[in-house]
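I have placed the structure first, in the form of structure tokens, so that the comments after it can refer back to it.
The values are calculated or read from the model by the stated rules, or taken from the named source; none is laboratory data. This structure is a prediction, so every number in the text was calculated from the model and none was measured. Using ideal geometry, Cβ is built from the backbone for each residue, glycine included, and neighbour counts are taken over all protein chains shown. Areas reflect the complete protein model, heavy atoms only, side chains present, ligands, DNA and RNA absent. Shrake-Rupley method; radii C 1.70, N 1.55, O 1.52, S 1.80 Å.
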Amino acid sequence: MTAQAASALQDEAPKPAVHAGLATAVRVLIPIVLALLVGAVVIFALGKDPLTYYGYVMRRGLLSPTGVQATITRMAPLLMISAGLIVAFRAGIWNLGVDGQFLLAAVVTAALAPALIDVVPGWLMILICLVVATLVGAAWSVVPAFLKARYGVNEIITTLMMTFLGIGLANVLVKIPFNDPTTTVPQTATLAVEDRLPRLFDTTIHSGVLIAIAAVLLVHLMMTRTAFGLKLQIVGANPRAAVHAGLNVSRLTFATFALSAGLVGLGGAIEVLGVWGTVRADWNPAFGLLVVPLVFLARFHGVAVIGFVLFFAVLMIGGESASRRLGVPTDFVLLLVGLLMVFLALVEYLDHRRRQATQA
Amino acid sequence: MAGLFTIDFTTALLFGAVTAGIPLLLAGLGEQISEKAGVLNIGIEGMMLFGAYTGFLVAFKSGSIWLGFLGGAGGGAAVALLMAIFCVWLGMNQIVIGIALTLGAEGLTALLHHFQFSRTYPRLDSIETLPLPLISEIPVLGRALFDHHPLVYLAVLLAFFLVWLFRRTYIGLNLQAAGDKPAALDAAGVDVYVTRTCAVLATGALAGIGGAYLANVGAGLFLPFMTNGAGFIGIVLAMLARGQPLWVLLGATLFGVSLALTTALQVAGLNIPTDVVQMLPFAMVMVVLVLFARHSYLPPALGLPYVRGER
């Protein structure tokens with residue numbers, strides 16, 4: 001054992017677990033509190049009462065029975081996207097094309113489901129839709145994966161471009177080939193409520209939420225407990241070292257993209273099969289970039305991310321209601337997410353500095 | 001189809017191409033400066049949008065289009081200052097901060113616009129163009145290319161100015177060194193932090209002016225989320241141009257044409273959904289990347305924060 005490793009062990013050993021837990025809580029809570037505080041200042045500056053705003057958010061998002069069901073339902077797509085992002089980020093790949101992958105998969109599902117329901121039994125229809133949506137999501141990442149694996153082209157740019165393309169293509173699909181001529185607004189044929197994903201007990205929460213929770217946990221286990229996950233993490237930590245270790249980096253890059261985008265596509269299918277039953281033209285929830293800071297807050301940890309997604313779903317569902325009541329546009333949530341990311345990075349930076357200072 | 005390309009149509013198309021291309025040109029040139037100095041400026045979309053907002057606001061309140069551009073430069077530079085503080089001085093992750101700034105600018109401008117104008121979208125008076133003497137008389141091309149707002153000519157000149165700046169001046173060398181081998185620049189006694197900060201601020205100001213042009217000249221009004229990926233296209237232009245400003249100029253022209261086709265085809269009454277045409281520029285980026293990917297080039301120290309004395 002080298003001296004360095006020994007000292008690292010000693011560093012770890014005497015630290016009580018409670019202390020470490022507290023440090024994590026502080027690291028996580030500070031950015032959230034700061035973001036909410038600055039958000040409050042902005043609301044105040046716009047002549048509204050921040051306490052009333054956040055009060056409405058809590059009341060609708062967490063405390064009312066219908067609200068909390070809406071919140072938990074909203075967690076499903078966010079968790080699926082988190083699962084996809086965790087795979088990619090841990091493997092060092094910036095999949096920022098989430099919205100295109102999500103939307104295309106959702107549109108294909110919305111077109112496929114009502115068509116299939118007359119032909120096959122309900123459970124088979126749902127299964128086929130979930131598989132096809134996963135493939136559609138994955139397919140939309142092939143070009144960025146190829147460019148990254150073959151020429152090292154920065155995937156941030158390519159996935160963003162593919163997302164703009166995907167949103168446009170999804171709209172075209174809804175408006176022309178998949179359009180239901182019986183409706184006035186362009187939209188796909190609607191899947192009847194009883195054919196959608198079964199609801200849990202007597203709530204409005206659909207069973208897709210369970211799939212999403214399972215997905216994010218499985219992804220966590222895969223990345224931390226399997227050889228395949230470890231390989232991806234090595235590529236993420238140091239691609240050159242991965243090459244020297246004999247890993248087929250370009251194949252792993254393709255796998256990462258496909259897995260990440262596939263999970264996101266599955267999320268799109270779950271959202272359509274569970275909540276909407278159809279996709280309207282110009283529908284784009286744009287969850288993608290909003291989930292990114294949550295995944296960072298959780299430090300790519302699949303269990304921790306569930307808590308953050310819950311927090312954010314409360315903010316989204318509650319924010320929609322609070323926005324209507326107070327006349328603050330929902331775009332306010334975008335500002336909060338931006339602030340959250342900045343403060344998060346700042347706290348990480350200060351933490352890093354503090355640790356360097358104690359080492360030196 | 002043959003009847004489509006009448007003289008008027010061609011003139012309108014090229015005129016539109018210039019109008020649509022200028023914001024991309026400014027964003028692309030700005031991004032190039034940042035990237036040369038080693039900062040991958042993903043926040044440029046936010047800088048552009050914020051510049052569009054401040055630029056429009058100043059022009060709207062003051063009635064002066066030039067003050068509007070100044071306001072746009074200020075707005076873009078203000079966002080860039082945040083980027084410089086977080087990413088250059090504190091060395092925080094450039095991608096995280098870039099996304100954060102973009103999201104924050106989207107939220108903030110939409111909020112501010114909502115509280116100032118509610119659901120109305122006031123227009124600016126139409127701007128005056130400056131026809132260049134003689135060459136603006138050329139049939140078809142003259143009206144299309146040489147009868148624009150003066151800023152257009154300045155933006156094109158800027159591309160040539162940057163060629164000179166990058167190749168012939170110490171500023172250009174310093175920028176390049178900050179991106180290729182920051183430690184060497186530091187050893188030569190030039191402050192890497194200051195060099196990179198200046199580069200980021202210049203990017204912000206140029207992106208802001210680009211945004212202001214988009215709002216004040218291109219649209220004549222401000223809409224939330226109006227940049228709609230133009231900043232990201234700027235990044236692609238800079239990436240493919242491999243540090244050559246004139247390639248950015250060429251790329252911006254091509255993208256301008258494809259954007260102008262969007263409107264021109266609609267005006268011509270072709271029955272294509274707007275979504276298909278709006279996809280054109282992004283499709284072009286991907287095609288160009290697939291064809292020329294092996295030629296794209298980014299500086300070695302791009303995206304890496306510089307920490308003095310660290311190896």
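What to note about this one:
- Search result, residues across segment A:28-62 that are more than 27 Å from the chain's Cα centre (by Cα) and open to solvent by 70 Å² or more (accessible area, probe 1.4 Å): A:VAL41, A:PHE44, A:ALA45, A:ASP49, A:LEU51
- For segment A:195-244, a residue qualifies if it is under 13 Å from A:PHE89 (Cα atoms) and of a type in the set (Gly, Ala, Ser), and the qualifying residues are A:GLY229, A:GLY236, A:ALA237.
- Test: B:GLY229 is at pLDDT 80 or above and either within 9 Å of chain A (Cβ to nearest Cβ) or in contact with a Cys (Cβ under 8 Å, 6 or more places away or on another chain) (or both): yes
- Every test in (1) over 17 Å from the mean Cα position of the chain (by Cα); (2) more than 28 Å from B:GLY71 (Cβ to Cβ); (3) buried (at least 17 other Cβ atoms within 10 Å of the Cβ) is passed by B:ASP180 save one, and that test is (3).
- Applying the criterion of at least 2 residues that are hydroxyl-bearing (Ser, Thr, Tyr) to the helices (runs of 4 or more DSSP H) found wholly in segment B:128-217 leaves B:192-213.
- For B:TRP247, the conditions (1) over 20 Å from B:GLY16 (Cβ atoms); (2) part of a loop (DSSP other than H, G, I, E, B) are fulfilled apart from (2).
- Scanning segment B:106-116 for residues that are more than 7 Å from chain A (Cβ to nearest Cβ) and open to solvent by 10 Å² or more (accessible area, probe 1.4 Å) turns up B:LEU112, B:GLN116.
- Selection within segment A:329-358: residues that are over 15 Å from A:LEU37 (Cβ atoms) and in contact with a Ser or Thr (Cβ under 9 Å, 6 or more places away or on another chain). The member of this set that is farthest from the other protein chains (Cβ to nearest Cβ) is A:THR330.
- Scanning segment A:275-285 for residues that are open to solvent by 40 Å² or more (accessible area, probe 1.4 Å) and more than 21 Å from A:SER207 (Cα to Cα) turns up A:ARG280, A:ASP282, A:TRP283, A:ASN284.
- Residue match in segment A:239-252 (condition: at pLDDT 90 or above and out of contact with any helix residue (DSSP H, G or I) (no Cβ under 6 Å at 6 or more places or on another chain)): yes
- Breaking point among (1) in contact with a Leu (Cβ under 9 Å, 6 or more places away or on another chain); (2) of a type outside the set (A, V, I, L, M, F, W, C); (3) part of a helix (DSSP H, G or I), for A:ASN95: (3)
- Single match in A:ILE176, A:ILE157, A:ILE86 (criterion: at pLDDT below 90 and within 22 Å of the chain's Cα centre (by Cα)): A:ILE157
- Any hit, segment A:273-282, residues being small (Gly, Ala, Ser), on the phi > 0 side of the Ramachandran plot and touching a residue at least 60 places away in the same chain (Cβ under 8 Å): yes
- Considering (1) under 14 Å from the mean Cα position of the chain (by Cα); (2) at pLDDT 85 or above; (3) within 23 Å of B:GLY72 (Cβ to Cβ), the lone condition that B:LEU250 does not fulfil carries the number (3).
- So B:THR54, is it among the hydroxyl-bearing types (Ser, Thr, Tyr) and at pLDDT below 95: no
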